[in-house]
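See structure below.
All of the numbers you see were taken from the coordinates with simple rules; none came from a lab. Given the structure is predicted, the values throughout are model-derived calculations rather than measurements. FYI the Cβ positions are ideal-geometry reconstructions off the backbone, even for glycines, and counts take in every protein chain you see.
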Amino acid sequence: MSTAVMTERISDGWSGPRARSAGFFWLMTFVTGASALVVGGRFVVSGDAAATAANVLAHEPQYRLGIAANLIASVCYVAATLLVYELLKPVSRSVSLMAAFFSLIGCAMGGLSGGLQLAPLVILKGAQSSSGFTVEQLQTLAYTCLRVNTQVSSITFLFFGLHCLLVGWLILRSTFLPRMVGVLMVLAGVGWLTLSLSSLLSPPIARSLYPYIMLPGLVGEAVLSLWLLVAGVNVQRWKEQAGAAGESV
């Protein structure tokens, strides 16, 4: 099969189901990730391990729902990452690959986050058989897992911020997606990076910025996902840029 025919078929795919699949999975990441953030944040009482443990055990179904939403978001983001990599590869294969690399690291850390969230349930519900530890010690251990998970989440946002920043740059360099979407994704990346670094380096500043610093990320990712889901890409321009990239290899 000739390169021209292959490019034609791939571009036709992006004009319909594949572009919309990328938008769908990114939108699902957005929805389930936001749900996990909202549900998960309700259980931790800052500085109070006993109250946090009581919250987790008293609302176990909701707590498990938050964990499930977090894991679903990670799986959806993997799918969105691979599809967006293919979409933006004609702009710059190396930059698109780097963006996907950062995103996949973030997704892997999202899986680790799910394990850290599940650990308090295992610890607290196994209190009866853990005769070597007092209830207070088990509560403290469970609380520590959740505190570590907060740090892991902050690092996760660092990688997702780099991903969004590079995706925004690629969109700005593309000819088949609106520059406005690229600008919003660059701002999204800056927002997630600011949230991550402030959480890691200066929690008081992070608390003062939250939740406003999340708005650029939420807006940018929502606009991109909806644009891909509803409008797709300019097929003719994607084909031209893909063809040009193929000729330069």
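This ranking places 24, 176 by how few other beta-carbon atoms lie within 10 Å of each, fewest first, which gives 24, 176.
Across the stretch 221-236, coupling constants 3J(HN,Hα) worked out from phi with the 6.51/-1.76/1.60 Karplus curve, θ = phi - 60°, read 5, 5, 5, 4, 4, 5, 5, 5, 5, 9, 9, x, 10, 6, 4, 4 Hz, and Gly and Pro carry x.
The equivalent ellipsoid that matches the C-alpha gyration tensor of the chain spans semi-axes of 41, 18, 14 angstrom, in descending order. Among the trypsin sites (Lys or Arg not before Pro) in the stretch 35-100, those located in a DSSP loop and surrounded by at most 15 other Cβ atoms within 10 Å of their own Cβ are 42. Backbone geometry of the stretch 99-110 corresponds, through the Karplus equation with coefficients 6.51, -1.76 and 1.60 at θ = phi - 60°, to 3J(HN,Hα) couplings of 4, 5, 4, 4, 5, 5, 4, x, 5, 5, 5, x Hz, x marking Gly and Pro. Relative to one another, the C-alpha centroids of the stretch 172-249 and the stretch 31-66 are positioned 29 Å apart. Model label sites at residue 51 and residue 112, defined 7 Å from Cα along the beta-carbon direction, differ in position by 3.0 nm.
The value of relative contact order for the chain, using C-alpha pairs under 8 Å at least six residues apart, is 26 percent.
Ordering 59, 163 from the fewest to the most neighbouring beta carbons within 10 Å gives 59, 163. The helix-only estimate of mean residue ellipticity at 222 nm for the chain, built from DSSP H runs of length n ≥ 4 each weighted as -39500 (n - 2.57), is -29000 deg cm²/dmol after division by the residue total. Simple rule: put +1 on each Lys or Arg Cβ and -1 on each Asp or Glu Cβ in the stretch 3-244, find the dipole, and look at 154, 201, 100; the Cα lying farthest toward the positive end is 100.
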